[in-house]
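Q: Sending over a structure as structure tokens; questions will come in a sec.
The values are calculated or read from the model by the stated rules, or taken from the named source; none is laboratory data. Just so it is clear, the structure is predicted and the values come from calculations on it, not from any experiment. When we count neighbours, we look across all protein chains shown, and the Cβ atoms used for this are built from the backbone with ideal geometry, even at glycine. When the accessible area is computed, the model is the full protein with side chains, heavy atoms only, and any ligands, DNA or RNA have been set aside. Shrake-Rupley method; radii C 1.70, N 1.55, O 1.52, S 1.80 Å.
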Amino acid sequence: MKNGHASPDRDSLVLGLEASCDETAAAVVLRSAGGHGRILSNVIRTQWEQHRPFGGVVPEIAARAHVECLDVLTREAMREAGIEFGGLSAVAATAGPGLIGGLIVGLVTGKAIALAHAKPFLAVHHLEAHALTVGLTEGLAPPYLLLLVSGGHTQLLIVHGVGRYERLGTTIDDALGEAFDKTAKLLGLGFPGGPAVERAARSGDASRFELPRPMLGRKEPHFSFAGLKTAVRRAAEQVAPLTDQDAADIAAAFEAAVNDCVRDRCARAMELAEQRLGPSAPRHLVVAGGVAANEQLRSALLSLAAERGYELHAPPIALCGDNAAMIAWAGAERLALGLSDPLDASARPRWPLDLDAAPAIGAGVKA
Ligand code: KG4
Ligand code: ZN
């Protein structure tokens, strides 16, 4: 990481590339000198059809699919934005965390464009991009409390500023998106699991099955979802073979349990954030990551925020899941601070946002 490429008080046009999991995406974002963002193009191709027969993301298939379409999507993003590579201020690509094959595809493509056109390159942290999305969509500036819920991560963090994150809580086993995906699989609802569980739960009776609320009331705002998944399996076995109504009722019970856990853990994190930031700090709760698309979760968080005097901020659904506009924006934010990365920046499949965070209790802690 080095200083100097960009002047902080100029407009910047950044191309962002994302290929860390099962979406290939390219986008161009304009960041004004005043710090406002505008998306000029945002193209995305999902690989769900290729992974569906396997019930989950297959890394080799993902990497190949990224190779096949990233150049086409990049050209499309540039055409839609109406600019040439020479007109860019910088190129940003996701460097981690994620699946190594896809990360390399995105990085190599981004570096090649940056090198060929003599532009600064930014190796973007995927979670930082989720964390900063509200700056692009609403112009919200740190500090704020962030609930990051995706397929691979479940964390509560204080965002102090660009590059400055303090982790308050994490999951000691499964990520929340993973719990949705596994629940969908157990209930035969298909892939990707989150939207399928949400759809089924709408016609379900949440009170028919009683599911546990792991970690409720614990002092540190950590999460655990493995026990909930086991309880879903038991409930499904109890009533097998499952009717559509059985699946809907279990999905609704699962969502109710998740919401209780998330509310409780966020409430605890709010108390800690207030201690860290002081009583006069603004009270903003931001939810980001693919699971932030869940309407039930949003309304649970909305009522918690209202009770505690917080404002809830959630990106529009299209920018909750993986996309390249958030990568371009995170790149633009770093560029505005005078930062850029060398062309030998490596892919980082594991890459904690808060390097100082102590490990959570329990085995298999996700960074
Ligand atoms: O952030 P994201 O697109 O990719 C990762 O970086 O992981 O998150 C994907 C996760 C998947 O587990 C997916 O099932 C979940 O987000 N998800 C949802 C919903 N939409 C996507 N979970 C619950 N409800 C949804 N509506
Ligand atoms: Zn993500």
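Q: Through the Karplus equation 6.51 cos²θ - 1.76 cosθ + 1.60, θ set to phi - 60°, convert the phi angles of segment 158-163 into ³J(HN,Hα) values in whole Hz; use x for Gly and Pro.
A: Coupling constants for segment 158-163: 8, 8, 7, x, 4, x Hz.
Q: Hey, can you grab everything whose amide H is under 5 Å from the amide H of HIS313? Only 5+ residues off in sequence or another chain; H modelled, so Pro and N-termini drop out.
A: Distant-sequence amide H within range of HIS313: LEU285, VAL286, VAL287.
Q: What residue among GLY193, GLY289, GLY163 shows peak mean-square fluctuation when the chain is described by a Gaussian network model with Cα springs under 10 Å?
A: Result for the chain, Cα springs under 10 Å: GLY163 fluctuates most.
Q: Could you look at segment 181-317 and say what percent of its accessible area is carbon and sulfur, using a 1.4 Å probe and all protein chains?
A: For segment 181-317, the apolar C and S fraction of the accessible surface comes to 49 percent.
Q: To the nearest 20 Debye, how big is the dipole of the chain about its Cα centre, given +1 on the beta carbon of each Lys and Arg and -1 on that of each Asp and Glu?
A: 480
Q: Write down, largest first, the equivalent ellipsoid semi-axes of segment 5-118 in whole Å, where each equals the square root of 5 times an eigenvalue of the alpha-carbon gyration tensor.
A: Rounded to whole Å, the semi-axes are 27, 14, 12.
Q: Please work out how many pairs of lysine residues in the chain are eight or more positions apart (or on different chains) and have Cα atoms closer than 27 angstrom.
A: Lysine pairs satisfying the spacing and distance rule in the chain number 10.
Q: Could you work out how far helix 295-308 tilts from the main Cα principal axis of the chain, as a 0 to 90 degree angle to the nearest 10?
A: Helix 295-308 sits roughly 90 degrees off the main axis of the chain.
Q: Restrict the search to segment 50-84; then list the GluC sites (Glu not before Pro) that DSSP places in a loop and that have at most 12 other Cβ atoms within 10 Å of their Cβ.
A: GLU84
Q: Largest first, how would SER207, SER346 line up by accessible area (1.4 Å probe)?
A: SER207, SER346
Q: Per 10 Å bin from zero, what fraction in whole % of the C-alpha pairs of segment 132-238 is there, up to the bin with the longest pair?
A: Pairs per bin, as whole percents: 14, 36, 30, 17, 3.
Q: To the nearest 10 Å², what's TRP351's accessible area with a 1.4 Å probe?
A: That residue has around 40 Å² of solvent-accessible surface.
Q: Taking the solvent-accessible surface of protein heavy atoms with a 1.4 Å probe, what is the per residue accessible area of the chain in Å²?
A: 41
Q: Here is a further query. Roughly speaking, what is the centre-to-centre gap between segment 270-336 and segment 38-102 when only Cα atoms are used, to the nearest Å?
A: Centre-to-centre (Cα) distance: 24 Å.
Q: Assuming 0.36 nm per residue, please report the length gained on full extension of the stretch ALA118 to ARG164 beyond their Cα-Cα distance.
A: Fully extending the segment from ALA118 to ARG164 adds 13.7 nm.
Q: Let me ask you something else. In sequence order, what are the phi-derived ³J(HN,Hα) couplings for segment 347-353 according to the Karplus relation 6.51 cos²θ - 1.76 cosθ + 1.60 with θ = phi - 60°, rounded to whole Hz, with x for glycine and proline?
A: Per-residue couplings from phi come out as 5, 10, x, 10, 7, x, 6 Hz.
Q: Quick one: which residues, 5+ away or cross-chain, put their amide H under 5 Å from the amide H of THR170? H built at 1.01 Å from N.
A: Residues meeting the criterion, in which the H sits 1.01 Å from N, are LEU156, HIS222, PHE223.
Q: Ok, one more. Of GLY194, GLY56, GLY177, which has the largest mean-square fluctuation in a 10 Å C-alpha GNM of the chain?
A: Maximum fluctuation in the GNM of the chain, among the listed residues, is at GLY56.
Q: Stretched out fully, how many nm does the piece from GLU49 to SER299 gain, at 0.36 nm a residue minus the Cα gap?
A: Roughly 87.0 nm would be gained on extension.
Q: Compute the acute angle (0 to 90°) between the alpha-carbon long axis of helix 244-277 and the principal axis of greatest extent of the alpha-carbon atoms of the chain; round to the nearest 10°.
A: Roughly 60 degrees, rounded to the nearest 10.
Q: Once phi is turned into ³J(HN,Hα) by the Karplus curve 6.51 cos²θ - 1.76 cosθ + 1.60 with θ = phi - 60°, what whole-Hz value does each residue of segment 312-317 show in order, with x for glycine and proline?
A: Using θ = phi - 60°, the values come out as 8, 10, 9, x, x, 3 Hz.
Q: While we're here: Rounded to the nearest 0.05, what FRET efficiency do LYS219 and ILE317 give with R0 = 35 Å and r taken as the Cβ-Cβ distance? Could you check?
A: The formula returns an efficiency of 0.55 here.
Q: Only bridges whose two residues both fall in the chain count here: according to DSSP, what percent of them are antiparallel, nearest 5?
A: The antiparallel proportion sits near 65 percent.
Q: Shifting gears a bit: Over segment 112-163, what relative contact order in percent results from Cα pairs under 8 Å that are six or more residues apart?
A: It rounds to 26 percent for segment 112-163.
Q: Okay, next question. For VAL108 and LEU337, what is the calculated FRET efficiency with R₀ set at 41 Å and r taken between the beta-carbons, to the nearest 0.05?
A: Efficiency, from the Cβ-Cβ distance: 0.95.
Q: What's the long-distance tail for the chain, i.e. % of Cα pairs beyond 34 Å?
A: Cα-Cα pairs in the chain separated by more than 34 Å: 26 percent.
Q: What's the whole-number percent of alpha carbon pairs in segment 144-317 lying beyond 28 angstrom?
A: 22
Q: Please give the contour-minus-distance gain from SER280 to VAL239: 0.36 nm per residue of separation, less the Cα-Cα distance, rounded to one decimal in nm.
A: That works out to 9.6 nm of additional length.
Q: What distance in nm separates the simple spin-label points at GLU307 and ARG64, each placed 7 Å from Cα in the Cβ direction?
A: Each label point lies 7 Å from its Cα, and together they span 5.0 nm.
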